[in-house]
Amino acid sequence: MQSRRDATLNLASLLHHAPGSELEVEAEGLLEPAEELLVADGLRLAGAIAWHVRVINTGGDDDFVADGTIDATAVMECRRCLTDVQVHVGTDFVYPMSYRPSDQPLRLEELEDEEEELLVFGRPEVDFAPLLTELVAIEVPLTALCRDDCRGLNQDGVNLNEHPELADDRVTAGGLNGNVRIKGLDEALKDLERES
């Protein structure tokens, strides 16, 4: 399957209300999001987003449901040594959807009375790329580790995984159990305890 910059579905067949009209449109592909989408979501990827989207006519005039899945590999910095780490990201989603004729692209609107969002589209050709990219960004964890026993950086910014000989003896002996000590923090915490 070849990567594309869009994830467009043609929903025209769902907008016909004649008997025998299609009730769902389905597509899948590989999405290489445009740079502005990645920047807007603060996202770096190690390849394309694999996606699957299905839009179902729920029987109303302009009411639909969109569901699907995404799978991607995000690139993050290790929280200890700052090297790049690849993190698998995947999720499924379901959104109510409504057709409101306009020139507007697909957008999310918050419903007033509920804690739910509504996808609104204005044209039969709907590009899901911005939504899919945003869903990947939402699923990216806050932090990542390159490995469980990552030694981090020393005070001079040297990666201790690459230069273990520069590691503090307490860290190499496992005395900190992977926790990093901040100079003076123990004393400050003891002072706070005494004051309260």
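Of Pro130, Val65, Cys150, which is farthest towards the positive pole of region 62-177's charge dipole, taken about the Cα centre with +1 and -1 on the beta-carbons of Lys, Arg and Asp, Glu respectively?
Highest projection toward the positive end goes to Cys150.
Below 11 angstrom from the Cβ of Phe64, what's the summed charge of the other residues (Lys, Arg +1; Asp, Glu -1)?
Surrounding charge for Phe64 is -4.
Please report, in debye to the nearest 20, how large the charge dipole of region 3-139 is about its Cα centre when each Lys and Arg carries +1 at its beta carbon and each Asp and Glu carries -1 there.
Magnitude of the dipole: close to 660 debye.
Using every Cα-Cα pair within the chain, state what percent have a distance larger than 26 Å.
52 percent
Find the relative contact order for region 37-196 and round it to a whole percent, using C-alpha pairs within less than 8 Å whose residues are 6+ positions apart.
Across region 37-196, relative contact order equals 18 percent.
Tally Lys/Arg at +1 and Asp/Glu at -1 over every other residue whose Cβ is under 15 Å from the Cβ of Gln104; what's the total?
So the environment of Gln104 carries a net charge of -2.
Obtain the radius of gyration and the Kirkwood radius of region 75-170 from its C-alpha atoms and give Rg over Rh.
Radius of gyration over Kirkwood radius for region 75-170 works out to 1.26.
Counting other C-beta atoms within 10 Å, which of Val75, Val39 has the fewest, and how do the rest follow?
Least to most surrounded, the residues fall as Val39, Val75.
Expressed as an acute angle from 0 to 90° and rounded to the nearest 10, what is the orientation of the C-alpha long axis of helix 185-195 relative to the principal long axis of the chain?
So the helix axis and the longest Cα principal axis differ by about 90 degrees.
From the convex hull of the Cα coordinates of region 11-76, what is the mean projected area in square nanometres?
5.4 nm²
Which net charge results when you count Lys and Arg as +1 and Asp and Glu as -1 among the other residues whose beta-carbon is under 13 Å from that of Glu26?
Here the count lands on -3.
Every read-out reported here was derived from the displayed coordinates using simple, explicitly stated rules and does not represent laboratory data. All figures in this text were calculated on a predicted structure; none of them were measured in a lab. Don't worry about glycine lacking a Cβ; one is built from the backbone with ideal geometry, like all the others, and counts go over all protein chains shown.
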